[in-house]
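Trainee: Here it is: the structure, laid out below.
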Amino acid sequence: MKKILIIYTGGTIGMVRTENGYAPKDGYFRSALEAIPAMQSKEMPDWELHEMSPLLDSSNMTVVEWNKIGKLIKDSYDEYDGFVVLHGTDTMAYTASALSFMLENLGKPVVLTGSQIPLCEVRSDGRDNIITSVLIAASGRVHEVCLYFGGSLLRGNRATKYSADGLIAFVSPNYPALAEAGIEIRYRRSALLPAPEGKLRLQQLESIPIGVIKVFPGIQFSLFEQIMTEKLRGIVIETFGAGNIPGDGNALLPIIRRAFANGTVLTVCSQCPQGAVSLGAYETSSALKQAGAVSGLDITTEAAVAKLYYLFSCGYDKDAVKVLMERDLRGEMTV
Ligand code: ASP
């Protein structure tokens, strides 16, 4: 009999109504889970629940919680066949990305899921999301961190939250779904990462100072000079299209050069969910290239942020981080 560890971190799925809106409640989730008849079915694997403390709305997730989840998976790795992490949807794609980097040589499924409607409500989408995630975690088919939601299993570091209120809340614009759950759960074998050869290793993350800037028409780059200090280790810049910034790129150039001299790694992502950055394809992106920015290719901003945390936590210097940001480490980018 397969055995799955369900880790409840907080999020809508287990929230209850309070006078200030939905909020997690200590000790409530176990009864909510046990009240789902299918969770007691003989067709389900054995499962155990671990409730994290404190339970969080995922807007409050930090590297501290990522480390706690990672350590729990590492410490109980031999005891279980797979892991389901129940998480708020708001930052689920960040946590999935972070865990994908932190858990090197992962040989068992780690499936993140949650819901848009809490289990305490009749129309909750949480029931199917949990039941199917547990079955996927027990399948032994997946050797990576993934995210199941609304019928699709996505690679965790390729997923992005797409809808604030739809039940298909996540998409994976630059990589196919790993599986679709219709009448049957159909895995796309060619899309799955191969089983690793080495032993699981956990890289804990540090609270590295990094930033994200979204470019918009009329952006006054000089305002950002203030944050480009030596403290800033990495920055993700969300550009237009294939890596373009407003035409007076020269305004940005000295700032980027300063950042670069300070040792800050600047990674270019696109505001377009689909497609890749191609630095130098247009005049408007050449400035970034000349100043030493690295291309995030088709990585999501969520994965780029998590990757910067990870690479700096590994202790790499800025030159190594620059090289590795353009290299595919966990299936997060198409090189
Ligand atoms: N604010 C909630 C959270 O991310 C939303 C959700 O779970 O869907 O924790």
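Trainee: Which numbered condition trips up ILE7, out of (1) more than 16 Å from the ligand (Cβ to nearest atom); (2) within 20 Å of VAL142 (Cβ to Cβ); (3) in contact (Cβ under 8 Å) with a residue 60 or more places away in the chain?
Mentor: Among (1) more than 16 Å from the ligand (Cβ to nearest atom); (2) within 20 Å of VAL142 (Cβ to Cβ); (3) in contact (Cβ under 8 Å) with a residue 60 or more places away in the chain, ILE7 violates only (1).
Residues are listed down the side, and each one gets a yes or a no for (1) under 27 Å from THR334 (Cβ atoms); (2) of a type in the set (Asp, Glu); (3) free of Cβ contacts under 8 Å to residues at least 12 places away in the same chain:
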position: ALA138; (1), (2), (3): no, no, no
position: LYS161; (1), (2), (3): yes, no, no
position: ALA164; (1), (2), (3): no, no, yes
position: ILE168; (1), (2), (3): yes, no, no
position: ALA179; (1), (2), (3): yes, no, no
position: GLU184; (1), (2), (3): no, yes, yes
position: ARG188; (1), (2), (3): yes, no, no
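Trainee: If we keep just the residues of the stretch 143-152 that are of a type in the set (Gly, Ala, Ser) and away from the ligand (no atom under 15 Å from the Cβ), which is surrounded by the fewest Cβ atoms within 10 Å (Cβ to Cβ)?
Mentor: Our first condition is that a residue be of a type in the set (Gly, Ala, Ser); within the stretch 143-152, this holds for 150-152.
Among the residues that remain, those that are also away from the ligand (no atom under 15 Å from the Cβ) are: 151-152.
Details: GLY151: 17, SER152: 19.
It comes out as GLY151.
Trainee: Need at least 3 residues that are farther than 19 Å from PHE260 by Cα and in contact (Cβ under 8 Å) with a residue 40 or more places away in the chain per element, so show me which helices (runs of 4 or more DSSP H) inside the stretch 274-335 make the cut, counting only ones lying wholly within it. Break it down stepwise before answering.
Mentor: On the way: elements: 283-290, 301-313, 318-325.
Those helices (runs of 4 or more DSSP H) span 301-313.
Trainee: Select, from PHE216, PHE240, the only residue that is under 25 Å from the mean Cα position of the chain (by Cα) and either closer than 19 Å to MET333 by Cα or in contact (Cβ under 8 Å) with a residue 24 or more places away in the chain (or both).
Mentor: PHE240
Trainee: Enumerate the helices (runs of 4 or more DSSP H) found wholly within the stretch 56-142, keeping only those where 1 or more residues are within 16 Å of the ligand (Cβ to nearest atom) and surrounded by fewer than 21 Cβ atoms within 10 Å (Cβ to Cβ). Give the steps one after another, and end with the answer.
Mentor: Details: elements: 63-75, 92-102, 126-139.
In the stretch 56-142, the matching helices (runs of 4 or more DSSP H) lie at 63-75, 126-139.
Trainee: Within the stretch 236-255, count every residue that is under 10 Å from ALA291 (Cα atoms) and at pLDDT 80 or above.
Mentor: Result for the stretch 236-255: 1.
Trainee: Is there any pair with a first residue in the stretch 37-61 that is in contact (Cβ under 8 Å) with a residue 60 or more places away in the chain and a second that is of a type in the set (Gly, Ala, Ser) and away from the ligand (no atom under 16 Å from the Cβ) whose Cβ atoms are under 6 Å apart and which are 6 or more apart or on different chains, and what are they?
Mentor: PRO45/ALA138
The values are calculated or read from the model by the stated rules, or taken from the named source; none is laboratory data. This structure is a prediction, so every number in the text was calculated from the model and none was measured. Here Cβ is always computed from backbone atoms with ideal geometry, including for glycine, and neighbour counts include all displayed protein chains.
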